[in-house]
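The values are calculated or read from the model by the stated rules, or taken from the named source; none is laboratory data. Owing to the predicted nature of the structure, the values given are computational and were not obtained by experimental measurement. Positions of Cβ are generated from backbone atoms using ideal geometry, with glycine treated the same way; all protein chains shown enter the neighbour counts. The protein model used for the area step is the full one, side chains on, heavy atoms only, and it has no ligands, DNA or RNA in it. Shrake-Rupley method; radii C 1.70, N 1.55, O 1.52, S 1.80 Å.
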Amino acid sequence: MFRQTARFLITTILRWEARLVLKKYQPKIIAITGSVGKTGTKDAIATVLSGKFRLRASQKSFNHEIGLPLTILNCDNAWWNLVLWLKNIIEGLGLILFRTNYPELLVLEVGIQHPGDVARLVSWLKLDVAVITRLPEVPVHVEFFKSAEEVTREKWLLAQAVSESGLVIYNHDDEKIRDLADGLKARKLSYGFQTGSDLLASDVQIIYENQPVGLSVQITYAGESVKFELHGVLGEHQLYALLAAAAAAVAQGMSLASASEALKTLTTPPGRMRLLAGIKETLIIDDTYNASPAAIEAALQTLNSLQITGRKIAVLGDMLELGKYTIDEHRKVGILASRVSDVLVTVGLRMKFAVEEAMKKKMGKKNVYHFDDSRQAGEFLQNFIAPADVILVKGSQSLRMERVVEEIMAQPEEKSKLLVRQDENWSRR
């Protein structure tokens, strides 16, 4: 009860301070939401616009009721340390009382967990640009809503909150978003691979240097066509972050060529389809940040597309917060994994449904392994993997699938820089 009361009071104070700070300094605000790709898109937009604006972007995934005010106030998460929360509040007051060199632009990631989250946010956060990434049929956090459609309506409130003078940048390949965009009052700019996109992507190539090292894509807008490259990451779906960033750039008067040059410095966030060197001359696709049905499907399709000499090994942990969709979606994962991978390794109670389907498809006992714990799976893989294997690792954050990567990565001493959830508070869990 005490913790709940303290959280409510701290959140209320920080939100009040954030509102006053925004009123005082009046920065431009770009807010990003969707069910997948928010953090990568936020980082890409911040990278491409950093040479044009003095800006600040959400730290890590600060995207909820406390994280957003913390970003606006430039404070760290104090977790359950009341002294540090008091320090944050005092620093917020300092921004209000004294003039500082505040950012011209804020790039904010907006996530939701419960009904009403976005509605409360847009009641005080006035946006210049909203970016909508993707709204798949079965989004993460759906168990807290009556239906997947309710999640879509909640997130779409962000786009609806943009005024006629503002801009909504959206994924044209998502039919649901495309249909919703017709009713917007704001200006619109779309991106995607399908004809009709304002920024049109084509000619996706995997870049190989003996093994996969990244991606390239051609982007065309208003008669200009430029090649973009993304190194250290795989997955065609990861290119949507580049597209959204290119859209944000041209909306701010940049050329595609200058956007491509600026994005050469982009480093994708840990745990999002990042390529890491593994032991025994293997390659790891680290996608351990989180998992949803759409994201796992995209990751598995990426694994399928690779031209390699070793085995394709899918290491998959449970997908959480799917409510009534849980069993069916895990079964679908098992079916797809049996088609695109040579070996399936699963972690968690729910993934047993995936194992059942993979076995039905005659994947074979020698190629399907199940563990209750991510550490156990990692220890098994240490002896199982062989040179030239590519290992995809993915699962919801509570499964801590980054521990699998830690066991098989070539540079475990660099884990604090390369893996997700490496701070002290996560290490205690």
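Quick notes on this one:
- The residue pairs whose first member lies in the range 42-53 and is in contact (Cβ under 8 Å) with a residue 40 or more places away in the chain and within 11 Å of ALA246 (Cα to Cα), whose second member is part of a loop (DSSP other than H, G, I, E, B) and of a type outside the set (Ser, Thr, Tyr), and whose beta carbons are closer than 6 Å, counting only pairs six or more residues apart or on different chains, are ALA44/LEU266; THR47/LEU266.
- Top-ranked residue of the range 6-24 - restricted to ones that are among the basic types (Lys, Arg) and over 12 Å from ILE66 (Cα atoms), ranked as least open to solvent (accessible area, probe 1.4 Å): LYS24
- Matching option when the condition is aliphatic (A, V, I, L, M), modelled with pLDDT under 95, in a helix (DSSP H, G or I) and under 18 Å from the mean Cα position of the chain (by Cα), among LEU68, LEU84: LEU68
- Residues located in the range 274-294, provided they are under 22 Å from the mean Cα position of the chain (by Cα) and either closer than 19 Å to LEU381 by Cα or open to solvent by 20 Å² or more (accessible area, probe 1.4 Å) (or both): ARG274, LEU275, LEU276, ALA277, LEU283, ILE284, ILE285, ASP286, ASP287, THR288, TYR289, ASN290
- Cβ separations smaller than 6 Å between residues 6+ apart or across chains give no pair from the range 256-268 residues that are more than 16 Å from VAL226 (Cα to Cα) to residues that are surrounded by fewer than 20 Cβ atoms within 10 Å (Cβ to Cβ) and among the charged types (D, E, K, R).
- Residue check for ILE45: open to solvent by less than 50 Å² (accessible area, probe 1.4 Å) and within 29 Å of LEU234 (Cβ to Cβ): yes
- Within the range 101-126, residues that are hydroxyl-bearing (Ser, Thr, Tyr) sit with their Cβ atoms under 9 Å from residues that are part of a helix (DSSP H, G or I), at 6+ positions apart or across chains, in these pairs: TYR102/VAL21; TYR102/LYS24; TYR102/TYR25; TYR102/LEU95.
- Qualifying residue in the range 223-230 (condition: over 26 Å from ARG153 (Cβ atoms), open to solvent by 70 Å² or more (accessible area, probe 1.4 Å) and modelled with pLDDT of 95 or more): yes
- Of the residues making up the range 401-429, those that are more than 18 Å from the chain's Cα centre (by Cα), at pLDDT 95 or above and hydrophobic (A, V, I, L, M, F, W, C) are VAL404, VAL405, ILE408, MET409, ALA410.
- In the range 151-177, the qualifying residues are those that are over 21 Å from the mean Cα position of the chain (by Cα) and not polar (S, T, N, Q), and the one that is farthest from ILE30 (Cα to Cα) is GLU164.
- Inside the range 104-125, residues that are modelled with pLDDT of 95 or more and either surrounded by fewer than 18 Cβ atoms within 10 Å (Cβ to Cβ) or of a type in the set (Ser, Thr, Tyr) (or both) make up a count of 1.
- Residue check, LEU97 touching a Leu at 6+ places or on another chain (Cβ under 9 Å) and either at pLDDT 90 or above or open to solvent by less than 60 Å² (accessible area, probe 1.4 Å) (or both): no
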